[in-house]
Structure formats: C-alpha cells, structure tokens
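What follows is a short report on a single structure.
The values are calculated or read from the model by the stated rules, or taken from the named source; none is laboratory data. None of these values were measured; they are calculated from a predicted model. Please note: Cβ atoms are built from the backbone with ideal geometry, for glycine as well, and neighbour counts cover all protein chains shown.
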Amino acid sequence: MSTTEMLELRRTIDNLRHCVASLQSLYGDAPAVRRLVNDVERLEIDYVDLEVSPPHLTHHRPVERIQVPDTPYDASMWQGADDEGVGGHPADHDT
C-alpha cells in the first residue's frame, strides 16, 4: 500500500474506534458492541501487520474486453438448436 492509503486506513480505523467507543458508552457491554470492539482491534492488528511486513505488490494485467455487437444474431445460427429449459414454447417449434 502507498503511504497515502496507509494514512487513510489509519484515519479510518481511528474514526471507527471513536464511533465504537461512543456506542459502548451508550449501550454498555452489549454483545454486538463487544463484537464491534473486537473487530476494531482486529483491524488494528491487520494494519500493524501491513505496516511492519507489507505483502508483495501485485500487478494486474489489463482485462481483455470482447465487444458484443448490438445487432441481432443471424437466425440460421440457431437452426436445429435444442432450447429445452430455455423457456421456448412448443408452438414455436416445427414438429
């Protein structure tokens, strides 16, 4: 992560900790609040892990995009195709 991303993560965790502390003062030791406190602690642990030992950066290859035309397909392409289970109507088929 870049320094900017790490600073933003730090700020977000601090804000979340502040919000959870407010909830804790409002709701006390409710199970949901305890889980939130635990979640914030786990985020802090993960943040420190990233800061101390960042993983290798991954480089994403650009995704190859295949353009699908808006024009209708040639009806002969579907000649003789079985459309069972696709929602076709028996009246639509030559028998």
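List pairs: first residue in the range 4-17 and surrounded by 13 or more Cβ atoms within 10 Å (Cβ to Cβ), second residue at pLDDT 95 or above and β-branched (Val, Ile, Thr) anywhere in the structure, Cβ distance under 7 angstrom, at least six positions apart or on different chains. Between residues of the range 4-17 that are surrounded by 13 or more Cβ atoms within 10 Å (Cβ to Cβ) and residues that are at pLDDT 95 or above and β-branched (Val, Ile, Thr), the close pairs are Ile13/Val40; Leu16/Val40; Arg17/Val40. Selection within the range 43-81: residues that are of a type in the set (Asp, Glu) and exposed (fewer than 10 other Cβ atoms within 10 Å of the Cβ). The member of this set that is modelled with the lowest pLDDT is Asp74.
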